[in-house]
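Before any comments, here is the structure.
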Amino acid sequence: MTASLQLHQIEKNFHGVPVLRGISLDIEEGEFVVMVGPSGCGKSTLLRAIAGLDTVSSGRMTIKGRDVTRLEPVDRGIAMVFQSYALYPHMTVAENMGFGLRMARRPPAEVDQAVKRAAEILRITDLLHRKPKQLSGGQRQRVAIGRAITRSPEIFLFDEPLSNLDAALRTQMRVELSTLHAALGATMVYVTHDQVEAMTMATRIVVLNAGLVEQVGTPLALYHQPANRFVAGFLGSPRMNFLAAVVQAVGEAHAVVATPGLPPLTLGVTDTTELKPGAAVTLGIRPEKLRIVAADANDATGFPAQVRLVEQLGRETVLYADASPLQTQGSDSGTSNVTVQLGAMSRRAPGDAIRLAFDPADAYLFAASGKTLSVAAANPS
Amino acid sequence: MYPRPIPESAPLQRRLYMAVLGLVLLVWLLPLIAVTMTSFRSTQDIMSGNYWGWPVAPTLIGNYAQVFAQTPMARFFANSLVITIPSVLLVLVLSTLNGFVLSRYRFRGATLLFAVFVGGNFLPHQILMIPVRDLMVKAGLYDTFYALILFHVAFQTGFATLFMRNFIASLPGELFDAARAEGVSALQVLWYIVVPLLRPALAALAVLTFTFIWNDYFWAVVLTQSDSVKPVTAGLANLKGEWLSAWNVVAAATMIAAIPPVAMFFLMQRHFIAGLTAGAVKG
């Protein structure tokens, strides 16, 4: 396997403000890499830099071993699909899809052939003579993808292509894109802020934050073994519960940490360099790892809580519970409530007193720097 | 502050509103009505001072026939076309090119250049009368079509550039990115993407510029002298001198002179379709 796309120390400054701060990445042939991160993390800038629409301040970029850092988009062998579709409104679907090839003065038969092939792959043959304004959002996005396919690029670049679609269509297009990737076997780089898209479609996810790569890995590896607190908090919905804690004792491969509202916990750690008694750390527990136990259960890691809000999702239930003195940090709800995800319908109502518990082996430990220290929950089982 | 519909429950106000509307319309159209009526009046009417009453022995085409038979109006009319049409075309071409570059490319001095285009509009034309006339005399263009064409193109392009730049800037940026990613050259983008999407703007600008240039009187007087070059506006003024009493003929000539801008408006009207970019991006 050769690297389809290689980024080496890509940096970009915009009016002196660093937007990309030394990004290095190898993308293999046929991978579906999803770059994900909060808004302003530089993911779209990075994609535009790969496309050649924006220049980079320093660094090197190769596609199939060819240095493309200073090449125009058309010479890089890429095709890009935009969030807003960017279809030419005065051209029919067929004209839109064949425009690039026509402008490159390719023989009309070849253009027709390429358009026909792309239309068949995307099942839009019956739309070829329509204008973009006669199409639905999903159809437009399909045409935009078709326009990319027509050019038979080395690499497909997608810039939040599903963000303008409604939820149902997004799910459908997600499946179609995955199918398309399997069918074409092409390298695809996909930018999104939606972690569900990242988790479902990616062969590998690149988590970006503030112009830096936080972690690269398969969706499950990132979910189960986040390299740091940012990745742990970014992937997974509802978000991981974070609790401020203090180290009490440090052993060979374990640490004892205390947090208000819980008895001291002994957690396995891989790295003790940042740990010493009295150090501030963060404890992380995924909402689905919390469970409701009987009120009188003699559970070592149990704590009482009061339900504040219930979100019924049918298949599952999300509870937001006040467990003071136990307080979470930076939760989605903007409160210090604990988020609990139950795998089934629940009849709990706001005001109910419950008792929550978790297995210490499922808890993550993050150093003050954000780095993950625990081996916990490494097992996806 | 904004106009609110008068409720159905106030019939008096509604009727008053309609009446006032009619009155304003009448005042607004009065000069036009007078000129139109006069163009159908016989010479007796004019002699007897019947300018506002019902025409006695009206003549439908008599005065119009006279315009062409006895005055050089046909010549003036043709001159106006020779001046206006190339001017409008040149303004459209130049302003589209300017607008495209100013809205889509960043380069040193772009803002200054744009400011010059816009700033030119704030100069009162009249202060340029002597220098421009001298310039044209020295260039050997005085009293030729080129003098008027050159001046109008130079002066209309400023406003037209402002208009086009803003219109092109409002086109979705991703269209240009998409084209660039496909390797479409700047000129191809201009011709195959920008110009088709600019159709409503071009139509509006064509009508405006056409009207400005066609109706220009000041520069026609300043820069032309002979009947073979004079446009219709300056020509009309001549008629007044030579045919002092023949107001009916002058009125008919005025009507003829007014036709092209009106025709232009109706001709271009169908291109003023809003939302031509619908479907380009989410919409």
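The values are calculated or read from the model by the stated rules, or taken from the named source; none is laboratory data. For clarity, every value in this text was computed on a predicted model and none was experimentally measured. Every residue, glycine as well, gets a Cβ built from its backbone with ideal geometry; the counts of neighbours run over all protein chains shown.
For segment A:47-78, the tally of residues that are touching a strand residue (DSSP E or B) at 6+ places or on another chain (Cβ under 7 Å), closer than 20 Å to A:P18 by Cβ and without any contact (Cβ under 8 Å) to a residue 40 or more places away in the chain stands at 2. Going by the structure shown, is A:E72 touching a Phe, Trp or Tyr at 6+ places or on another chain (Cβ under 8 Å), within 14 Å of chain B (Cβ to nearest Cβ) and charged (D, E, K, R)? No. Taking the residues in segment A:9-21 that are surrounded by 15 or more Cβ atoms within 10 Å (Cβ to Cβ) and of a type outside the set (A, V, I, L, M) as candidates, determine which candidate is farthest from A:T187 (Cα to Cα). Here the answer is A:P18. Scanning segment A:80-98 turns up one or more residues that are more than 14 Å from every other protein chain (Cβ to nearest Cβ) and modelled with pLDDT of 95 or more.
Name every residue in segment A:259-299 that is among the small types (G, A, S) and surrounded by 12 or more Cβ atoms within 10 Å (Cβ to Cβ), in order of residue number. Across segment A:259-299, the qualifying residues are A:G261, A:G268, A:A279, A:G284. Screening the candidates A:V231, A:V307, A:V213, A:V293 for the property of being of a type in the set (V, I, T), touching an Asp or Glu at 6+ places or on another chain (Cβ under 7 Å) and under 30 Å from A:E11 (Cβ atoms) yields one hit, A:V231. Residues that are within 14 Å of chain A (Cβ to nearest Cβ) number at least 3 in the following helices (runs of 4 or more DSSP H) confined to segment B:139-229: B:173-181, B:199-215. Working only within segment A:105-123, note down all residues that are without any contact (Cβ under 8 Å) to a residue 12 or more places away in the chain, over 33 Å from the mean Cα position of the chain (by Cα) and either within 8 Å of chain B (Cβ to nearest Cβ) or part of a helix (DSSP H, G or I) (or both). If the condition is that a residue be without any contact (Cβ under 8 Å) to a residue 12 or more places away in the chain, over 33 Å from the mean Cα position of the chain (by Cα) and either within 8 Å of chain B (Cβ to nearest Cβ) or part of a helix (DSSP H, G or I) (or both), then A:P108, A:A109, A:E110, A:Q113, A:K116 are the ones that fit. Among the residues of segment A:130-145, at least one is closer than 22 Å to A:F32 by Cα, in contact with a strand residue (DSSP E or B) (Cβ under 7 Å, 6 or more places away or on another chain) and crowded, with 22+ Cβ neighbours inside 10 Å. Apart from one condition, A:G138 fits all of (1) over 27 Å from the mean Cα position of the chain (by Cα); (2) assigned to a helix (DSSP H, G or I); (3) not basic (K, R); the exception is (1). Listed here are the strands (runs of 3 or more DSSP E) enclosed by segment A:176-292 that have at least 2 residues being under 30 Å from A:V19 (Cβ atoms) and assigned by TED's automatic domain parsing to the domain that holds A:S84: A:187-192, A:204-209, A:212-217.
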